[in-house]
1. Whether any residue in region 87-96 is over 18 Å from the mean Cα position of the chain (by Cα), loosely packed, with under 12 Cβ neighbours inside 10 Å and either outside the structural domain of residue 57 (by TED's automatic domain parsing) or free of Cβ contacts under 8 Å to residues at least 60 places away in the same chain (or both) is what I want to check.
2. Before we move on, is residue 114 surrounded by 13 or more Cβ atoms within 10 Å (Cβ to Cβ), outside the structural domain of residue 35 (by TED's automatic domain parsing) and closer than 24 Å to residue 37 by Cβ?
3. Which of the following residues is modelled with pLDDT of 90 or more and more than 22 Å from residue 32 (Cα to Cα): 84, 97?
4. Test residue 79 against the stated conditions and say whether it is more than 18 Å from the chain's Cα centre (by Cα), modelled with pLDDT of 75 or more and over 30 Å from residue 122 (Cα atoms).
5. Go through (1) loosely packed, with under 14 Cβ neighbours inside 10 Å; (2) modelled with pLDDT of 85 or more; (3) in a helix (DSSP H, G or I) and name the single condition residue 41 misses.
Amino acid sequence: MEEDKNPKSRNRLKTAGIIVACGLAGVIAIVLGFMLAALAVLGAFKVPTAAAVFLPVLLLGVPLGDSTHAILKRLLNGKNPLIGDRTHIHHRLVDRGFTIVQAVLLIYAVAGILCIVSIGLWLR
């Protein structure tokens, strides 16, 4: 079998892999979002109202906290909150000397701990 020497076809293959990976991430995000919504609805009937509101917020602690911090920091600095900058947590961790993999693992660890705490509180 002859190797394809056309650089455009090689780039297409790389792009296709990225599209497949993003597609899978999208499916996982939808499933996790559905599970979170179901937990919030079911939790509303099993626990007091404060916990039914607090637990989903705790589950989403990392993305909510990161987005809230970035938007507030932009507003306080007089910048447009819709224009991107390097105030998100992953940028700040990399700027402090973490590698990208270390930053991601640290964010995953914090999110995992928050999930474990929220599930532990929900099962009480």
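1. Taking region 87-96 as the starting set, the residues that turn out to be over 18 Å from the mean Cα position of the chain (by Cα) are 95-96.
Now drop any that are not loosely packed, with under 12 Cβ neighbours inside 10 Å, which leaves 95-96.
Retained after the next criterion (residues that are either outside the structural domain of residue 57 (by TED's automatic domain parsing) or free of Cβ contacts under 8 Å to residues at least 60 places away in the same chain (or both)): 95-96.
Checked against the condition, which is being over 18 Å from the mean Cα position of the chain (by Cα), loosely packed, with under 12 Cβ neighbours inside 10 Å and either outside the structural domain of residue 57 (by TED's automatic domain parsing) or free of Cβ contacts under 8 Å to residues at least 60 places away in the same chain (or both), region 87-96 yields at least one hit.
2. Values: surrounded by 13 or more Cβ atoms within 10 Å (Cβ to Cβ): yes; outside the structural domain of residue 35 (by TED's automatic domain parsing): yes; closer than 24 Å to residue 37 by Cβ: yes.
Yes.
3. Values: 84 fails: modelled with pLDDT of 90 or more.
Answer to the selection: 97.
4. Values: more than 18 Å from the chain's Cα centre (by Cα): yes; modelled with pLDDT of 75 or more: yes; over 30 Å from residue 122 (Cα atoms): yes.
So residue 79 fits the description; yes.
5. (2)
The values are calculated or read from the model by the stated rules, or taken from the named source; none is laboratory data. What you see is a predicted model; the values in this text were computed from it and never measured. Counting neighbours? That spans all protein chains shown, and the Cβs are built from the backbone with ideal geometry, glycine included.
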